[in-house]
Amino acid sequence: MTDRAMAIATKVEAFVRNEVIPYEKDSRLGFHGPEDALVRELRAKAHMAGVLTPHILQDGSHLTQRETAIVLIKTGLSPLGPLACNTAAPDEGNMYLLGKVGSAEQKSRFLEPLVSGEARSAFFMTEPAETGGAGSDPSMMQTTCRLDGNHWVINGRKKFITGADGARVGIVMARSDDGACMFLVDLPDPAIRTVRVIDTIDSSMPGGHAEVDIVDLRVSADQMLGASGEGFAYAQIRLSPARLSHCMRWLGLAMRAHEIATDYACRRHAFGKPLVDHEGVGFMLADNLIDLKQAELMIDWCAGVLDTGSLGTAESSMAKVAVSDALFRVADRCVQVMGGTGVSGDTIVEQAFREIRAFRIYDGPTEVHKWSLAKKIKRDWKGGQA
Ligand SMILES: Cc1cc2nc3c(=O)[nH]c(=O)nc-3n(C[C@H](O)[C@H](O)[C@H](O)COP(=O)(O)OP(=O)(O)OC[C@H]3O[C@@H](n4cnc5c(N)ncnc54)[C@H](O)[C@@H]3O)c2cc1C
């Protein structure tokens, strides 16, 4: 690992442990995510500590994916760490996409406020299952866009849009006659109406996850990201690194949950000895260590593939499935080791369990990744070689 990444990661860890963790009981943590006032306060502290947006350097360049991993794992040590350091989803993935595909004008208007941490963003792809819209299968996209003079007019309904409520930048996906398109949109816009913020199992993302109606949204032609019909290709550019950075952050949180569970098991006694000395508990913690290390190695391997310039589609599918499933096992064992305390709000272990459960759905459910890997296996199969 490079010295620069190690130095950033060390600084980030100290900041998260010393300055962010004390906020984990803040009254501004709501059911639909932390309030923006709290996010601003934490970001001001991160700025002072020199750890705001730590994965993007002063000259605008991005750390390599392998370097990003060790930094984002440290921001993830608290559910509030990624928000404080501006490495949270969906902003982190949106910044990456804009950095790769945005024009110079688009970058200065939409990317800069995100990198500086002043604004939040949202990515509008999924649509309601109730009306047969895009979900696991994005090709089912129903939201449409049509050219009217120098503007595109967009109509549709989107669901589970993280952070839409309170975001200033939107990336909206819609279908034209050429295929999928992506648009950069200033928010709020009266043509995008929040129908509701959905009650979900997780609670770490500001603005929660919204269902929105888009009615005759007019977007200037120069706000199209890239070219008409190329939307799914751009989604691919975003997807692999974005799903890997979720793995990084949630690995950090699972590591912290394991620390808390270990502390509990070493202090707490039952039947005349510390819990950790009961084989049933000690083995759960041992299994955690194994899963955590395997997740770390899987992330590092996939990050290395992305660093070669590959899209890493199959590799990030493998990493996403392996890491999200492993971290869910870790979080579940931490809850179990801690008994009643594990399911209480007294520690972040309960939240880690909820957040990581949701992660097995978004950025591709486990089964969808396995299904696409199976298709690749068949594609690559050369009969008669076995
Ligand atoms: C917390 C959270 C945040 C989210 N944030 C965003 C966001 O910011 N922007 C956005 O656009 N979307 C977001 N989403 C939506 C997310 O991407 C979708 O939920 C996901 O793609 C699955 O789509 P769906 O919910 O419609 O499930 P469905 O498509 O209805 O699938 C349901 C289940 O069917 C199974 N399945 C589907 N296809 C296959 C297959 N080929 N083989 C085997 N099994 C299969 C899987 O088990 C899957 O879980 C978020 C979701 C959650 C839960």
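Are there helices (runs of 4 or more DSSP H) fully within region 1-103 with at least 1 residues that are at pLDDT 95 or above, in contact with a helix residue (DSSP H, G or I) (Cβ under 6 Å, 6 or more places away or on another chain) and more than 30 Å from Ile198 (Cβ to Cβ)? List them.
On the way: elements: 3-15, 36-49, 65-75, 81-85, 91-101.
Answer list for region 1-103: 3-15, 36-49, 65-75.
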Inset, instruction - State whether one or more residues within region 262-270 are buried (at least 19 other Cβ atoms within 10 Å of the Cβ) and either outside the structural domain of Met173 (by TED's automatic domain parsing) or outside any helix (DSSP H, G or I) (or both). - result: yes
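Listed residues Ala134, Ala119; which is near the ligand (Cβ under 8 Å from one of its atoms) and assigned to a loop (DSSP other than H, G, I, E, B)? Show your work before the answer.
Numbers: Ala119 fails: near the ligand (Cβ under 8 Å from one of its atoms).
After ruling out the rest, the residue left standing is Ala134.
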Inset, instruction - Just need a number here: residues in region 181-209 that are touching a residue at least 60 places away in the same chain (Cβ under 8 Å), more than 13 Å from the ligand (Cβ to nearest atom) and either over 21 Å from Asp91 (Cβ atoms) or among the hydroxyl-bearing types (Ser, Thr, Tyr) (or both). - result: 0
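Could you list all residues from region 300-335 that are β-branched (Val, Ile, Thr) and within 19 Å of the chain's Cα centre (by Cα)?
In the first step, residues of region 300-335 are kept if they are β-branched (Val, Ile, Thr); the result is 305, 308, 313, 321, 323, 330, 335.
Scanning region 300-335 gives Thr313, Val321, Val323, Val330.
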Inset, instruction - Could you tell me which of the residues Val343, Val368 is of a type in the set (A, V, I, L, M, F, W, C), within 27 Å of Gly208 (Cβ to Cβ), under 23 Å from the mean Cα position of the chain (by Cα) and modelled with pLDDT of 95 or more? - result: Val368
Legend entry - region 359-370, residues that are within 6 Å of the ligand (Cβ to nearest atom) and either surrounded by fewer than 14 Cβ atoms within 10 Å (Cβ to Cβ) or assigned to a loop (DSSP other than H, G, I, E, B) (or both): Ile361, Tyr362, Pro365, Glu367
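Among the residues of region 146-166 satisfying the criterion of being within 16 Å of the ligand (Cβ to nearest atom) and in a strand (DSSP E or B), which is surrounded by the most Cβ atoms within 10 Å (Cβ to Cβ)?
Here is the first cut: in region 146-166, the ones within 16 Å of the ligand (Cβ to nearest atom) are 154, 156-166.
Retained after the next criterion (residues that are in a strand (DSSP E or B)): 154, 156-162.
Values: Ile154: 26, Gly156: 24, Arg157: 18, Lys158: 29, Lys159: 22, Phe160: 19, Ile161: 27, Thr162: 26.
Checking each candidate, the answer is Lys158.
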Inset, instruction - Tally the residues that are within 19 Å of Ser116 (Cα to Cα), assigned to a strand (DSSP E or B) and more than 10 Å from the ligand (Cβ to nearest atom), restricting the search to region 167-180. - result: 2
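Quick one: which of Pro138, Pro90, Pro113 is touching a Phe, Trp or Tyr at 6+ places or on another chain (Cβ under 9 Å), closer than 30 Å to Asp59 by Cα and not small (Gly, Ala, Ser)?
On the way: Pro138 fails: closer than 30 Å to Asp59 by Cα; Pro113 fails: touching a Phe, Trp or Tyr at 6+ places or on another chain (Cβ under 9 Å).
Only one candidate qualifies: Pro90.
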Legend entry - Lone unmet requirement of (1) out of contact with any His (no Cβ under 9 Å at 6 or more places or on another chain); (2) assigned to a loop (DSSP other than H, G, I, E, B); (3) hydrophobic (A, V, I, L, M, F, W, C) for Leu111: (2)
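With the structure loaded, tell me whether Thr143 is touching a residue at least 40 places away in the same chain (Cβ under 8 Å), more than 22 Å from Tyr23 (Cβ to Cβ), away from the ligand (no atom under 16 Å from the Cβ) and not assigned by TED's automatic domain parsing to the domain that holds Gly252 or whether it fails that test. Give the derivation first.
Working: touching a residue at least 40 places away in the same chain (Cβ under 8 Å): yes; more than 22 Å from Tyr23 (Cβ to Cβ): yes; away from the ligand (no atom under 16 Å from the Cβ): no; not assigned by TED's automatic domain parsing to the domain that holds Gly252: yes.
Taking the combined requirement at face value, the residue does not satisfy it.
The values are calculated or read from the model by the stated rules, or taken from the named source; none is laboratory data. All figures in this text were calculated on a predicted structure; none of them were measured in a lab. Cβ coordinates were reconstructed from backbone atoms using ideal geometry, including for glycine residues, and neighbour counts include every protein chain displayed.
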